[in-house]
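The structure under discussion appears below in the form of structure tokens.
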Amino acid sequence: MNKLIILLSLLLSFSVIIFLVAKRNNFAISLFFGILILAIVDYKNLPKNLYETLTDWTVVALIIIIFLINLLSTILQEGGAMEELLKSLSKKLSYRWIVVAIPSLLGMLPVPGGALMSAPLINKPGEEKSELPFINLWYRHIWFIILPIATPLVIISELSGVNVYKLILMQFPVFLISFFIAIPVVKKFSGERKKEEGGNYFAIIPILITVSTAIILSFFIKTYIAFLISLPIGVFLAVLISKKRDISFLRKGTSFSLLIAIFEIMLLKNMIFSIDAPEIIYSYLSNFNPVATITLISFTIGVLTANNLAAVGILYPLLSPFIVNNKLVSLLYISSFIGYLVSPIHPCLVLTYEYFKPKLSELYKLLLPPAIFLIVISAIIYSL
């Protein structure tokens with residue numbers, strides 16, 4: 001197939017996906033139209049690509065894992081366990097650390113636009129309007145760098161074949177930097193927040209058991225099988241501590257469009273490889289520094305999509321020829337994550353802005369410097 005036709009079809013396909021995702025269209029539908037464009041160009045290999053994706057056990061396992069992660073987070077949130085945990089924290093922590101703890105804990109739940117959940121819980125009249133939204137956004141998201149049940153991290157682990165815990169270990173220094181880099185802003189907060197009645201710490205148990213069990217099992221079996229064993233245990237424990245026990249959890253925790261999107265990401269990957277697109281792109285960009293190429297393209301796609309899952313799904317198949325070691329997988333992930341975090345169309349940023357109503361320029365003055373610093377330090381760390 002002509003190289004120019006492949007590049008043009010790929011450009012059109014990804015442009016359509018990015019445009020539709022940026023317009024807040026359903027991710028699965030956006031991917032469908034992107035896949036359709038490539039399918040027209042490479043129609044002869046479509047049945048083969050479909051068959052290979054449908055019969056790939058790891059794809060099926062991945063879909064089940066994402067379903068269980070969503071179900072676990074839904075039960076913890078809807079069942080009241082997370083609310084009880086937050087009440088307990090309000091009794092133990094000063095306001096300064098409440099503004100870190102609440103977004104961080106809610107950040108463990110992969111809920112779209114979840115920053116709006118934590119915003120009212122940390123709000124306090126008289127506090128600086130640009131600093132609160134910055135802290136809310138920052139600590140809500142940085143845990144995605146090391147959280148083993150973060151969907152984009154699970155996806156890039158599967159796409160790259162790198163164990164998710166290896167990625168976490170490589171990314172942990174960047175996480176520590178991201179955590180402490182915002183502490184000077186945190187120290188500006190003072191005083192106490194109103195204490196909540198009741199509360200317990202049970203909500204953290206299902207997450208801790210799930211993660212620790214998966215870590216132990218992954219020494220003996222494949223990581224995705226470890227998650228298939230540990231996540232049902234976590235779901236069972238979440239149901240036990242829930243104030244509610246009804247089948248509505250299953251309905252609320254099931255996002256069919258997300259599960260379809262996971263399948264489409266894996267299909268898209270197979271289609272991209274079947275037309276040799278990564279090799280063609282590499283032949284044009286091979287003279288450029290791979291670290292700079294991965295960093296800039298990943299950050300740009302993160303900003304444009306404002307969706308870390310979409311960015312990872314698009315980026316890895318395309319940039320795979322540049323990824324000559326595992327460190328560059330982490331660089332791709334972190335660069336796209338930072339682009340997603342600071343994107344002006346990122347739902348959490350938009351919702352936080354609408355809630356606190358700061359000056360946007362003031363919010364970005366706080367948000368951009370640490371974000372840019374993280375990109376630079378990541379590029380340095382992963383190029384060594």
message = Restricting to the range 264-287, and then to whatever is within 24 Å of the chain's Cα centre (by Cα) and among the charged types (D, E, K, R), can you tell me which residue is most open to solvent (accessible area, probe 1.4 Å)?
response = K269
request  = Can you give me the ranges of the helices (runs of 4 or more DSSP H) entirely in the range 11-85 with at least 3 residues that are open to solvent by less than 30 Å² (accessible area, probe 1.4 Å)?
outcome  = 27-41, 57-78
ask   = I156: under 16 Å from the mean Cα position of the chain (by Cα) and without any contact (Cβ under 8 Å) to a residue 24 or more places away in the chain, yes or no?
value = no
note = Scanning the range 221-241 residue by residue, those assigned to a helix (DSSP H, G or I), open to solvent by 40 Å² or more (accessible area, probe 1.4 Å) and not aliphatic (A, V, I, L, M) turn out to be Y224, P232, F236
message = What are the pairs with Cβ atoms under 8 angstrom where one residue, in the range 37-58, is over 20 Å from L10 (Cβ atoms) and the other, located anywhere, is among the charged types (D, E, K, R)? Sequence gap at least six, or different chains.
response = T58/E158
request  = Starting from the range 3-28, take each residue that is farther than 16 Å from M271 by Cβ and of a type in the set (S, T, N, Q) and list its partners that are modelled with pLDDT of 85 or more and open to solvent by 30 Å² or more (accessible area, probe 1.4 Å), counting only C-beta distances under 8 angstrom and pairs at least six apart or across chains.
outcome  = N26/S257
query = Looking at (1) of a type in the set (D, E, K, R); (2) within 23 Å of I381 (Cβ to Cβ); (3) modelled with pLDDT under 85, which is the one condition that is false for K166?
reply = (3)
remark   = Exception for P344 within (1) touching a helix residue (DSSP H, G or I) at 6+ places or on another chain (Cβ under 9 Å); (2) at pLDDT 90 or above; (3) open to solvent by 10 Å² or more (accessible area, probe 1.4 Å) falls at (2)
task = Note down all Cβ pairs under 9 Å where the first residue falls in the range 365-384 and is in contact (Cβ under 8 Å) with a residue 40 or more places away in the chain, the second is open to solvent by less than 50 Å² (accessible area, probe 1.4 Å) and outside any helix (DSSP H, G or I), and they're at least six residues apart or on different chains.
result = K365/S130; L366/S130; L366/A182; P370/A182
request  = Please work out which one of (1) of a type outside the set (F, W, Y); (2) in contact with a Ser or Thr (Cβ under 6 Å, 6 or more places away or on another chain); (3) free of Cβ contacts under 8 Å to residues at least 24 places away in the same chain is the condition L137 fails and give its number.
outcome  = (3)
Any chance F256 is within 26 Å of L62 (Cα to Cα), within 20 Å of the chain's Cα centre (by Cα) and open to solvent by 30 Å² or more (accessible area, probe 1.4 Å) = yes
ask   = Filter the range 133-192 for residues that are closer than 24 Å to A226 by Cβ and small (G, A, S); which is most open to solvent (accessible area, probe 1.4 Å)?
value = G161
query = Among the residues of the range 367-383, is any part of a helix (DSSP H, G or I), surrounded by fewer than 18 Cβ atoms within 10 Å (Cβ to Cβ) and modelled with pLDDT under 90?
reply = no
message = Can you tell me which condition V324 does not meet? The list is (1) farther than 13 Å from I18 by Cβ; (2) crowded, with 19+ Cβ neighbours inside 10 Å, and all the others hold.
response = (2)
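The values are calculated or read from the model by the stated rules, or taken from the named source; none is laboratory data. The structure displayed is predicted, hence computed values, not measured ones. Ideal geometry is used to build each Cβ from the backbone, glycine not excepted, and the neighbour counts take in all protein chains shown. Just so you know, the surface numbers come from the protein's heavy atoms only, side chains and all, with ligands and any DNA or RNA stripped out. Shrake-Rupley method; radii C 1.70, N 1.55, O 1.52, S 1.80 Å.
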